[in-house]
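To keep things clear, I will list the structure first and then write my remarks on it.
The values are calculated or read from the model by the stated rules, or taken from the named source; none is laboratory data. Note that the coordinates shown come from a computational prediction; the quantities given were computed from them, not determined experimentally. Please note: Cβ atoms are built from the backbone with ideal geometry, for glycine as well, and neighbour counts cover all protein chains shown.
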Amino acid sequence: MALKGLSTAQTVGLAFAAALYVAAGTLHFLKPKPYLRIMPPYIPWHLPMVLIGGGFEILGGAGLLVSQTRRAAAWGLLALLVAVFPANIYMATNPAEAGAVSIAPVVRWGRLPLQLFLIWWLLWCTRSRGALR
């Protein structure tokens, strides 16, 4: 069943996005080491930044499921995707320092355009059907 104002496909996409962001945010707390390793050296306070980012992912994911906060949560997650982009660049360009040598270059570099897809996905699954016309 679709959420009010959303198609069935958007509802499914939204539920999957919410689960993805809550799970990813939770991993920031349970296993922060990989996130710490991809933090560029010029960004201060690595552990607090990782934990804050994880907290915002959890809040954003949960916020996607509440109609009153859905759009704000999507825009907040979009801002978070932009904010973490330097870490993805650092991982792609400095695999040894980022602990990503074992990750294939196509995967490390593939994360960069994936950000654009994630942004589109958030905007698509939170746009009401009336806005699609």
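Within the stretch 67-87, the set of residues being of a type outside the set (A, V, I, L, M) and touching a Leu at 6+ places or on another chain (Cβ under 6 Å) comprises 70 only.
Every condition in (1) surrounded by 15 or more Cβ atoms within 10 Å (Cβ to Cβ); (2) under 13 Å from the mean Cα position of the chain (by Cα); (3) of a type in the set (A, V, I, L, M) is met by residue 39 except one, and the failing one is (2). Residues of the stretch 34-51 that are aliphatic (A, V, I, L, M) and under 20 Å from residue 103 (Cβ atoms): 36, 38, 39, 50. Here is the figure for the stretch 82-103: residues that are at pLDDT 90 or above and either at positive phi or part of a helix (DSSP H, G or I) (or both) total 12.
Is one or more of the residues making up the stretch 45-67 modelled with pLDDT of 90 or more, among the aromatic types (Phe, Trp, Tyr) and not in a helix (DSSP H, G or I)? Yes; the residues of the stretch 45-67 include at least one that is modelled with pLDDT of 90 or more, among the aromatic types (Phe, Trp, Tyr) and not in a helix (DSSP H, G or I).
Here residue 16 clears all of (1) under 22 Å from residue 122 (Cα atoms); (2) at pLDDT 95 or above; (3) surrounded by 15 or more Cβ atoms within 10 Å (Cβ to Cβ) except the condition numbered (3). Within this structure, residue 96 fails the test of being under 17 Å from the mean Cα position of the chain (by Cα), among the small types (Gly, Ala, Ser) and exposed (fewer than 15 other Cβ atoms within 10 Å of the Cβ).
Applying a threshold of 8 Å to beta carbon distances and a minimum spacing of six or more residues, or different chains, the list of pairs starting in the stretch 71-83 at a residue that is touching a residue at least 12 places away in the same chain (Cβ under 8 Å) and ending at one that is of a type in the set (Ser, Thr, Tyr) reads 71/126; 73/126; 74/126; 77/21. Touching a helix residue (DSSP H, G or I) at 6+ places or on another chain (Cβ under 8 Å) and either over 17 Å from residue 34 (Cβ atoms) or assigned to a helix (DSSP H, G or I) (or both): is that true of residue 106 in this structure? Taking the combined requirement at face value, the residue does not satisfy it.
When residue 6 is tested against (1) hydrophobic (A, V, I, L, M, F, W, C); (2) assigned to a helix (DSSP H, G or I); (3) in contact with a Cys (Cβ under 8 Å, 6 or more places away or on another chain), only condition (2) is not met.
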